[in-house]
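The values are calculated or read from the model by the stated rules, or taken from the named source; none is laboratory data. Remember, it's a predicted structure, so these values are computed and weren't measured experimentally. FYI the Cβ positions are ideal-geometry reconstructions off the backbone, even for glycines, and counts take in every protein chain you see. Just so you know, the surface numbers come from the protein's heavy atoms only, side chains and all, with ligands and any DNA or RNA stripped out. Shrake-Rupley method; radii C 1.70, N 1.55, O 1.52, S 1.80 Å.
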Amino acid sequence: MSRAFWQPHRIVLVGLALALAVWCAVSLRWDWVPRYFDLGVQGLWRTIWILVVTSVLGFLLAIPLGLAQAAGPWWLAAPARAFCTTIRGTPLLLQLWLLYYGIGSLFPLFPEIRESWAWPYLRQAWPYAVLALTLSFAGYEGEVMRGAFKSVPHGQLEAARAMGMPRFTILRRIWLPLAIQRALPTLGGETVLQLKATPLVATITVIDIYAVANRVRQDTFIVYEPLILLALVYMALTGVIVLAFRWLENRRPQRRA
């Protein structure tokens with residue numbers, strides 16, 4: 001790090017953080033960690049893959065949602081706008097419970113579903129968690145991509161049309177890459193929010209890292225230590241997400257004067 005980073009106020013903050021870390025390590029109880037270590041690793045892995053899968057699938061769904069609202073005909077724009085409005089206007093917990101306790105409770109009533117290949121998956125909780133988080137991410141990112149598509153300079157698209165480029169080629173080589181570049185900072189923030197939304201899956205019996213911390217509290221009646229460790233885990237994951245999106249932003253081609 002450069003000398004400019006080590007300013008007096010930052011030195012004080014680093015010192016306080018180190019002092020707090022030493023106090024937590026010495027004064028608090030951590031004897032429960034080896035007992036729940038394997039379960040914690042499984043919960044952490046489940047949190048990560050739910051975050052990655054739902055963010056990727058949600059973003060892939062957000063692209064046509066944003067494009068339909070930005071340039072589609074009314075019969076595509078209206079359903080896309082209604083979907084985004086519904087998702088953004090209702091709590092994620094409500095959406096999750098409607099899928100799991102609502103639609104999920106109807107599947108056992110149909111013998112065709114119970115005897116199909118999909119039943120071993122539909123009887124579990126994680127597909128509903130993935131679906132709810134995917135739709136939530138898509139609803140918010142659909143609006144982000146709508147603004148990103150509209151922010152691309154119209155002259156660049158007109159120039160591509162004048163050169164005889166097909167519409168799909170213009171979308172693939174010019175419009176979509178430029179829209180994603182403009183949306184990257186917001187996408188990073190929304191991915192962090194998606195990480196913070198993953199603890200809700202514990203309400204439908206999915207064992208993520210939050211559910212593991214909650215189980216430790218219920219089994220041992222130790223409250224603060226699991227929550228402190230959980231906060232550190234989420235802060236570390238958030239740091240990785242922020243650094244990854246900053247790396248992507250720095251890879252954008254810079255305009256030359």
field: Per residue accessible area in Å² of the chain, where ligands, DNA and RNA are left out and the probe is 1.4 Å
entry: 63
message: Restricting the calculation to Cα positions, tell me the Rg (one decimal) and the Dmax (whole number) of the stretch 127-193 in Å.
response: 14.8, 47
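Counting only helical runs of four or more DSSP H residues, what would the 222 nm mean residue ellipticity of the chain come to if each run contributes -39,500 (n - 2.57) and the total is spread over all its residues?
Working: 12 runs with 189 residues, N = 257.
Roughly -24500 deg cm²/dmol at 222 nm, from the helical runs in the chain.
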query: For the stretch 70-77, what does the Karplus curve 6.51 cos²θ - 1.76 cosθ + 1.60, with θ = phi - 60°, yield as ³J(HN,Hα) per residue in whole Hz, taken in order and with x for Gly and Pro?
result: 7, 9, x, x, 4, 6, 9, 5
- prompt: Can you pull the percent of Cα pairs in the stretch 19-65 with separation above 13 Å?
  reply: 71
query: Taking the C-alpha atoms of the stretch 4-102, how large are the radius of gyration and the largest Cα-Cα span, Dmax, in Å?
result: 23.1, 64
query: Whats the longest run of the chain with zero chymotrypsin sites (Phe, Trp or Tyr not before Pro) that are DSSP loop and have at most 16 other Cβ atoms within 10 Å?
result: 118-220
- prompt: Residue-wise, which Karplus ³J(HN,Hα) couplings in Hz belong to the stretch 129-135, taking 6.51 cos²θ - 1.76 cosθ + 1.60, θ = phi - 60°, and x for glycine or proline?
  reply: 5, 4, 5, 5, 5, 5, 5
statement: Farthest towards the positive end of the dipole of the stretch 128-225, among 212, 129, 140 and with Cβ unit charges of +1 on Lys and Arg and -1 on Asp and Glu, lies the Cα of 140
message: Considering only protein heavy atoms and a probe of 1.4 Å, how much of the accessible area of the stretch 27-130 is carbon and sulfur, as a whole percent?
response: 71
message: Debye calculation, C-alpha points only, no solvent: report log10 I(q)/I(0) for the stretch 150-242 at q = 0.14 Å⁻¹, in the same order as the q values.
response: -0.66
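Over the residues of the stretch 48-201, compute the C-alpha Rg and express it relative to 2.2 N^0.38 Å. Could you put the intermediate results ahead of the total?
Details: Rg = 18.2 Å, N = 154, 2.2 N^0.38 = 14.9 Å.
For the stretch 48-201, the normalised Cα radius of gyration is 1.22.
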- line: Reduced to Cα centres, the span from the stretch 71-147 to the stretch 198-235 in Å works out to 26
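Give me the Å³ per residue figure for the convex hull around the C-alpha atoms of the chain. Spell out each step's value before the answer.
Numbers: hull volume 49.9 nm³, N = 257.
So the per-residue Cα hull volume is 194 Å³.
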